[in-house]
Amino acid sequence: MDCHRYENWGTRREFLSRTGLGLGAAALSQLMGGFSASAAGGLPGLPHFAPKAKRVIYLFQSGGPPHLELFDPKPLLSERFDEELPASVRGTQRITGMVSAQGKLALQPSKYAFQRCGQSGQWLSDLLPHTQKIADELCVVRSMHTDAINHDPAITLLQTGSQQPGRPSIGAWLDYGLGSVNENLPSYMVMCSVPSKGPPDQGLLSRLWGSGFLPSRHQGVQLRGTNDPVLYLNDAPGISRERRRLMLDGLAELNGIQHAASGDPEVEARIAQYEMAFRMQASVPDLADLSKEPQETWDLYGEAARQPGSFARHCLLARRMAERGVGFIQLYHRGWDVHGGLTDRLPVLCGDVDQPAAALVTDLKRRGLLDDTLVIFGGEFGRTCYAQGGANREKYGRDHHGRCFSLWMAGGGIKPGTSHGLTDDFGFNIVQDPVHVHDLHATLLHQLGIDHERLTYRFQGRQFRLTDVHGKVVKALIS
Amino acid sequence: MRFFPIVGALWLAGAAVCPAGSPVRFNRDIRPILSENCFHCHGQDAARRKADLRLDTFEGATAMLEDGPALVPGKPENSALLQRMTSHDPDEQMPPPESNRKVTPAQVALVRQWIAEGAAYEKHWAFVPPVWGALPPAAAWDRQPWDAWIRSRLERDGLAPSPEATPEAWLRRASFDLTGFAPTPAALDGFTGDVIARGESAYRDAVERLLASPRYGERMTAEWLDAARYADTHGFNNDSMRSMWRWRDWVIDAFNHNLPYNQFITRQLAGDLLPEPALEDRIATGFGRNHVINSEGGIIDEEYRVEYVADRVRTLGMTWLGLTMECSRCHDHKYDPVTAKDYYQLYAFFNQVPEWGEDGRLANASPLIPAPTGVQQAELALLNQQIASAAQALPEASTAGRPLAEVLAFLSRAVSVQPDPAGAGFRVERKDGKLINGAKPEESSGLDQKVTDHPALGPVFAFPAAAWTVAPSQFEAGSHKAWTWQTSLRWRGGEGVLLSNMAWQIPVSSVSHGNGFEIRINAAGAVEVRMAQKWPAYAIQLETTTALRPDRWHQIAVVNHGTGTAAGLRVYVDGVESDVVVHHDGLSGPVGPRALSVGRKEGPEPEAYEGDFAGFQVWPAVLPADDLARMADRQLVRLIGASGGMPEALVQLDRVQSAFLRYQDSTREAVQALRVAQARRLELKRKFPSVMVMAEMAKPRPTHVLLRGNYDALGEPVTPGVPESLLGAWPPGAPRNRLGLAQWLTQPGHPLTARVVVNRFWQQIFGIGLVKTAEDFGFQSEYPAHPELLDWLARDFIDGGWNVKDLMRSIVLSATYRQDSSIAPGLLTRDPENRLLGRGPRFRLPAEMIRDHALAVSGLLRERLGGPSVFPDQPEDLYKGVVVDADYPGTKWLTSTGDDLYRRSLYTFWKRTVPHPVMNVFDTPDREFGCVRRSRTNTPLQALTLMNEPALMRAAGHLGQRIQAEGGGTDAARLAWGFRLTTGRLPTPREAEVLAKVQNQLRASYQADSAGAEAMLKSGGVSAAAGQAGESAVWTALASNLLNLDETITKN
């Protein structure tokens, strides 16, 4: 019970007295946590220690972005173009069914050049010119690894800590543990976008922002790129704002009578949820209303941000959510599963995400929000150093690769302007400082003031946690 | 459900309810403490056991260790267990600080008392078969014998039962519980009157009516679908459509017919293994196939096949055993006495299904069967009858007594009236001593086969022989092209390949392993057609029920309509279309034409055909059945003619006779009637829905312990078995397969099955089980709130023949159930979850009932039992940006029309990765795995949904109209009528006042805004007479409010 964290108690008390209901404040807040009408919520004793970050923006690149084209330059691949991947390097790696029939695993260099960027001298691809400019804000992790080699299990592992469905997503764990700081918006919001051109291929799964075995109120709320940004948010034509108020007042009065008669605190909670819904009907359009954004916003994020449903738009909205205290902001951009047509598709995908992602970091920084906002950019695995199909200097593709991949983080107490981890000269194996998906989760939770071993939920006779029985905080990433 | 412990609440297990001075009981008081805090390192998992100490057995706990025994019965102070628990030294303290586990002082006190009292261990309560306990003394309040337990427990805690609910409240509650719908106002009136007139009998009769309603089966099924992880899509990221609704309808039927629950278990687990299983028994086994199936390209097949088997074990554990079996998949169970070996022995039962890891991209995965509906079965029976009588109407041997020459002369006249159909693209002919394509002589390459000339059939090719390939330009054997292939053939027996262009990429998991087209003949003489993008998963596979005979000339034809489905393929044997068995119908995309090998198959396992071919022809079109029949007859006439009459005629006498009947004037019509009926039967069969089922492999698949649960880390081999020492011996004589497993599960002495099942039905009614952890009855489960009651109900269930309707009847007529559900002051803090049942059940309706209730009261509901799932309204762009970018079935929501927009929610199409939002927002699970306990939350998204979801708005519109039309003459009467329709009771004066006030406010608002009123009507999907728009808008808004009332969506 965290009534003391409730910052805006007045409004609801006013409402309650207006409708003539004598509601027990304690009972009310007790019933509502996380994403609910109550601000705060969450578990007693959390955060476990002083957090560095108050919120997370996860820019998920779905499909497996190729680390060798974006973050992890490997000149050796060019020298040994079209040679067979040495067996000693390949080791026991499982090969997916898609290339297992290929006669040869031919080494494939990146077509795209890299630059050392900023004062930190981080290597970043020319495909990401805007990201290059914020190199000094980034911590690039080149030693991520995962257990899965196919999309569904890999993305499920990254988003829920388990390859198999059924576990809560990262955001659901946070909502369960930390609750919400905004009584007008959900604390966990999700936005999905597809490439501006070309196939979006792999689908997403609502389990990625689901609550698994946690109560379903902890699941993420999808903000949609339509004029009904949250499902059924808009009142039906014919119900004006005033009429809705009038209807809700009547409803609350009748529910209040029922509460008095039944003694059931769920009725009180229901009344409060209707009030939250009413507030969301104002707060969500306010969040999504970009008409007052100045020209410099559009200059920063790019004109694509004017397009509803675009990744750029979502980055801008993510900043607005961060400003409003949304705790976990999850973006997905699809289309990175570039098996055969990597060279055709990469320029499009990078064009979609590079500028807005960099803009978001810049924007958060200038608004003083970057320090306590953790931004993560990356996918579910990397791609092979050998070509799918034949090796070719100009046109080629790459298959899935889980042994190593790259992502970047910014803000939220993560060391800026650093690189972490090292892969071998083939970009196939990690040779230094591996970071498993569980370690990423442990670190993410740590930045939010959570000991990943102590955020647990009992289900089917045992305590579950996001990191299962694994994970260690990667101290080297933390500033 | 409440998720925050409430300070001062009474707790059921442990100190708070252990009456002062009474002895501690191991099962109730101690095991939960040890299990949670100690067993993880000192339990039965030997691999993880620390300090050689196990505390889960008396022997282990009292064993002499280096520092003395952990447990000294009668001597708490000498017991290291207690010393460690109370120590403040981080090195000594148990559980260790880093474990994040902690023992409370109250728990320490209990342990101390337990040791002092002798530290007796008990076998875990749930592993001891349930027994009839001695009932507490009866009292007037009781309506069922078992009510005594509820009452006496309340008394012990100084509580009293709540007063009885009003008849109306009881009827509404029981109607929701037994049928999923509220009673109509007329039913409420009738019942109230009946209670006054006939008292208790009125209750009993009402229950009988509810149990007899077909809605009962639907309502019970809704719960089971969660447990059985039913869905209309396969899950994973492709999440395409599957067809399992025939299984769902089987469940509805089973509940409606009150199939004894032991049979309910047996048929779903092993219906296929019953002696002479009926179609329905095989459909029931779809239960074992409801799991998710992955069709992502490139996955490792075995990895996922193993997942499916594991899912069956998990589901069995959750639904019937009440054990978290999956914990033992990677290691011995940390808490329960279930080893990894136990797990894989159980796994072995489910490891015998002829299935693949990657399947189900486009349709049902193998194994599957056609599953005609009741109506179709009736149609089929009728057609069978017609065919039988039409066949009977034919004279048996109309050629008898006629000279063969006359018969042949007649036939040869008859078959030569029309020439062979033109337009053949390929036809083998012999010209100038060379073989050519008679249709296109310029394309004659590849025909360098050794041949002999047959006087009737022309060039005959003998096989096995060297390669003969047919170029794609000559035979476009593509899956999505129309073509007809016909040939004469004389087969010499054995399995053989007639035509094939299958390409076999290595390894087997390759995406194009087995890509192409193949026609084969199997050892029994059936003709089999295969078309595959990736054999065998993404393929069509069918075979004829008609068998060829060896060493006899036949004429066969395969016709492809180019639909890419099994229904588009026809196989004719001797001019008659054969019935086929479809083994798989999941071709995932077009298979293009490629050069065909005749009489052989290339690839890793080459095969050949032994026999002859002749008259090989291909048409790039679908040939009519009549043409194919005539050509077959012509082949027959020529064969007989060439053989000099008698020998071939004797061999083919059956064909001669049926041909004669077909062309003779006096019988032609009767034959035609028979053929039409036969064609209709085939057409009907092609429309049968399919359902995935369980089946056993011909050759059993060996099962191994999988180390750490990994599919490729084989440990010791195991055979099918159950944890007998824990849960009871294998029934004598039971087969070691799923059927035996079902017999073991349902034997009367099984400690878990009946308890778990009864507890779940109890949970369905009271919102929380007697054992709260409905899925787990193991050491980590909660000790039951009323253990004797649970045993009593379980015993009664078993001894009464596993009768579910009896159980439901017993519950809803009990005094416990009939209590008022309002929460008396003080009770909320004493017993917030109503575990002691000092009041009736009260909680929000499940998602399905919320929508169904709104549809019912508005009059929109359209009831029809069973059938394919339907697509009610859902936001058009819901899948946008989320669903896979491929045109698989199930990736687009094709909104239903007409009645199907308003069917019961049970029938709403269930897409696992993006469930219907109305269902999802009200806490339905996604069904990627089974779930026996839904969460019950209260969120603003629910409010928004009830306020604005278009179908619910239309329900409001129609409800408003209905109230105006049926609710009486005055506003007050109408408001009261509408309120009663949705809540089941009349409003109090205070409530009526509020309703009237809001009505007046809305009137004022809409009167001043005619455009708003019109818009409101449109939102409600209704219209109004001239000048009435404002008034109808008011009623729409009021009706929407009624549908949003907490009481409307609450079972109370």
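The values are calculated or read from the model by the stated rules, or taken from the named source; none is laboratory data. It should be emphasised that the depicted structure is a prediction, and the values quoted were computed from it without experimental measurement. We place every Cβ from the backbone using ideal geometry, glycine too, and count neighbours over all the protein chains shown.
All of A:Gly412, A:Gly449 fail the test of being small (Gly, Ala, Ser) and under 22 Å from A:Cys117 (Cα atoms), apart from A:Gly412.
Being under 30 Å from B:Ala126 (Cα atoms), of a type in the set (D, E, K, R) and in contact with a helix residue (DSSP H, G or I) (Cβ under 8 Å, 6 or more places away or on another chain) narrows it down to one residue among B:Asp796, B:Asp831; which is it? Being under 30 Å from B:Ala126 (Cα atoms), of a type in the set (D, E, K, R) and in contact with a helix residue (DSSP H, G or I) (Cβ under 8 Å, 6 or more places away or on another chain) holds for just one of B:Asp796, B:Asp831, which is B:Asp796.
Determine whether B:Gly960 is outside any loop (DSSP other than H, G, I, E, B) and either of a type in the set (D, E, K, R) or more than 9 Å from every other protein chain (Cβ to nearest Cβ) (or both).
Values: outside any loop (DSSP other than H, G, I, E, B): yes; either of a type in the set (D, E, K, R) or more than 9 Å from every other protein chain (Cβ to nearest Cβ) (or both): yes.
Here the answer is yes, as B:Gly960 does meet what is asked.
Looking only at residues in the range B:853-900 that are surrounded by 16 or more Cβ atoms within 10 Å (Cβ to Cβ) and of a type in the set (Val, Ile, Thr), the one that is farthest from the other protein chains (Cβ to nearest Cβ) is B:Val870. Contact annotation: residue pairs with Cβ atoms under 7 Å, 6 or more positions apart or on different chains, pairing a residue in the range B:315-330 that is away from chain A (no Cβ under 12 Å) and in a helix (DSSP H, G or I) with a partner that is among the basic types (Lys, Arg) and buried (at least 24 other Cβ atoms within 10 Å of the Cβ), are B:Thr315/B:Arg229.
Table: residues versus (1) away from chain B (no Cβ under 13 Å); (2) touching a helix residue (DSSP H, G or I) at 6+ places or on another chain (Cβ under 6 Å); (3) part of a loop (DSSP other than H, G, I, E, B).
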position	(1), (2), (3)
A:Asp399	no, no, no
A:Arg403	yes, no, yes
A:Trp408	yes, no, no
A:Phe426	yes, yes, yes
A:Glu453	no, no, yes
A:Gln463	no, no, no
A:Asp468	no, no, yes
A:Gly471	yes, yes, yes
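Can you confirm whether A:Asp136 is at pLDDT 90 or above, within 12 Å of chain B (Cβ to nearest Cβ) and farther than 22 Å from B:Asp877 by Cβ? It is false that A:Asp136 is at pLDDT 90 or above, within 12 Å of chain B (Cβ to nearest Cβ) and farther than 22 Å from B:Asp877 by Cβ.
In the range B:620-641, how many are farther than 21 Å from B:Arg402 by Cβ, surrounded by fewer than 23 Cβ atoms within 10 Å (Cβ to Cβ) and of a type outside the set (D, E, K, R)? Step through it out loud before you land on a result.
Taking the range B:620-641 first, the residues farther than 21 Å from B:Arg402 by Cβ are B:620-632, B:635.
From what is left, the residues that are surrounded by fewer than 23 Cβ atoms within 10 Å (Cβ to Cβ) are B:620-622, B:624-627, B:629.
Those still in the list that are of a type outside the set (D, E, K, R) too: B:620-622, B:624-625, B:629.
Total meeting the criteria: 6.
The listed residues are B:Gln657, B:Gln541, B:Gln617, and the only one of them that is closer than 20 Å to B:Gly458 by Cβ and either crowded, with 17+ Cβ neighbours inside 10 Å or in contact with a Phe, Trp or Tyr (Cβ under 7 Å, 6 or more places away or on another chain) (or both) turns out to be B:Gln617. Remark: B:Ser822 matches the filter, which requires a residue to be more than 29 Å from the chain's Cα centre (by Cα) and either assigned to a loop (DSSP other than H, G, I, E, B) or surrounded by 19 or more Cβ atoms within 10 Å (Cβ to Cβ) (or both). Applying the condition of being of a type in the set (Gly, Ala, Ser) and more than 7 Å from chain B (Cβ to nearest Cβ) to the range A:226-257 and asking which residue is farthest from B:Glu876 (Cα to Cα) yields A:Gly256. Among the residues of the range A:450-479 satisfying the criterion of being in contact (Cβ under 8 Å) with a residue 40 or more places away in the chain and surrounded by fewer than 18 Cβ atoms within 10 Å (Cβ to Cβ), which is farthest from A:Ile376 (Cα to Cα)? Checked the range A:450-479; the qualifying residue farthest from A:Ile376 (Cα to Cα) is A:Arg454.
Yes or no: the range A:190-198 includes at least one residue that is closer than 30 Å to A:Arg306 by Cβ, surrounded by fewer than 23 Cβ atoms within 10 Å (Cβ to Cβ), of a type in the set (D, E, K, R) and within 9 Å of chain B (Cβ to nearest Cβ). No: the range A:190-198 contains no residue that is closer than 30 Å to A:Arg306 by Cβ, surrounded by fewer than 23 Cβ atoms within 10 Å (Cβ to Cβ), of a type in the set (D, E, K, R) and within 9 Å of chain B (Cβ to nearest Cβ).
Looking only at helices (runs of 4 or more DSSP H) that fall completely inside the range B:636-695, which ones have 3 or more residues that are basic (Lys, Arg)? It would help to see each step written out before you state the result.
On the way: elements: B:646-651, B:653-663, B:665-686.
Helices (runs of 4 or more DSSP H) meeting the threshold: B:665-686.
Name the single residue that is farthest from the other protein chains (Cβ to nearest Cβ) among those in the range B:1031-1046 being more than 14 Å from B:Arg962 (Cβ to Cβ) and crowded, with 23+ Cβ neighbours inside 10 Å. Going through the qualifying residues, I end up with B:Val1034.
All conditions but one from (1) farther than 21 Å from B:Thr939 by Cα; (2) more than 10 Å from chain B (Cβ to nearest Cβ); (3) under 17 Å from the mean Cα position of the chain (by Cα) apply to A:Ser169; the one that does not is (1).
Here is a yes/no grid of residues against (1) out of contact with any His (no Cβ under 6 Å at 6 or more places or on another chain); (2) modelled with pLDDT of 95 or more; (3) of a type in the set (Phe, Trp, Tyr); (4) crowded, with 21+ Cβ neighbours inside 10 Å:
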{"site": "B:Gly360", "(1), (2), (3), (4)": "no, no, no, yes"}
{"site": "B:Thr373", "(1), (2), (3), (4)": "yes, yes, no, no"}
{"site": "B:Gln377", "(1), (2), (3), (4)": "yes, yes, no, no"}
{"site": "B:Leu380", "(1), (2), (3), (4)": "yes, yes, no, no"}
{"site": "B:Gln386", "(1), (2), (3), (4)": "yes, no, no, no"}
{"site": "B:Ala391", "(1), (2), (3), (4)": "yes, no, no, no"}
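Note on the range B:922-951: residues that are within 30 Å of B:Ser1023 (Cα to Cα) and either buried (at least 24 other Cβ atoms within 10 Å of the Cβ) or within 8 Å of chain A (Cβ to nearest Cβ) (or both) amount to 10.
Considering only residues that are in contact (Cβ under 8 Å) with a residue 60 or more places away in the chain and part of a helix (DSSP H, G or I), look in the range B:993-1024 and name the one that is nearest to the other protein chains (Cβ to nearest Cβ).
In the first step, residues of the range B:993-1024 are kept if they are in contact (Cβ under 8 Å) with a residue 60 or more places away in the chain; the result is B:1017, B:1019-1022.
Of the ones still in play, those that are also part of a helix (DSSP H, G or I) are B:1017, B:1019.
On the way: B:Leu1017: 7, B:Ser1019: 4 Å.
Within the range B:993-1024, the match that is nearest to the other protein chains (Cβ to nearest Cβ) is B:Ser1019.
Taken as a whole, the structure places B:Pro161 among residues that are part of a loop (DSSP other than H, G, I, E, B), touching a strand residue (DSSP E or B) at 6+ places or on another chain (Cβ under 9 Å) and either farther than 30 Å from B:Leu975 by Cβ or free of Cβ contacts under 8 Å to residues at least 40 places away in the same chain (or both).
For (1) closer than 24 Å to B:Val882 by Cβ; (2) free of Cβ contacts under 8 Å to residues at least 60 places away in the same chain; (3) of a type in the set (A, V, I, L, M), each residue gets a yes or a no:
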| residue | (1), (2), (3) |
| --- | --- |
| B:Thr895 | yes, yes, no |
| B:Gly898 | no, yes, no |
| B:Lys911 | yes, no, no |
| B:Val918 | yes, no, yes |
| B:Pro925 | yes, no, no |
| B:Cys931 | yes, no, no |
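Could you tell me whether B:Val758 is without any contact (Cβ under 8 Å) to a residue 60 or more places away in the chain, away from chain A (no Cβ under 14 Å) and closer than 20 Å to B:Thr315 by Cβ? Even if it seems obvious, please write down each step before you answer.
Values: without any contact (Cβ under 8 Å) to a residue 60 or more places away in the chain: yes; away from chain A (no Cβ under 14 Å): yes; closer than 20 Å to B:Thr315 by Cβ: yes.
When the stated conditions are applied, B:Val758 passes them.
Every condition in (1) in contact (Cβ under 8 Å) with a residue 24 or more places away in the chain; (2) within 28 Å of the chain's Cα centre (by Cα) holds for B:Gly568 except the one numbered (1). Among the residues of the range B:76-128, those that are within 23 Å of B:Pro337 (Cβ to Cβ), within 14 Å of chain A (Cβ to nearest Cβ), of a type outside the set (D, E, K, R) and part of a loop (DSSP other than H, G, I, E, B) comprise B:Pro95, B:His124.
Please pick out the residue among A:Met280, A:Met276, A:Met321 that is touching a strand residue (DSSP E or B) at 6+ places or on another chain (Cβ under 6 Å) and part of a helix (DSSP H, G or I). Explain how you work it out, then say what you get.
Working: A:Met280 fails: touching a strand residue (DSSP E or B) at 6+ places or on another chain (Cβ under 6 Å); A:Met276 fails: touching a strand residue (DSSP E or B) at 6+ places or on another chain (Cβ under 6 Å).
Unique residue meeting the criteria: A:Met321.
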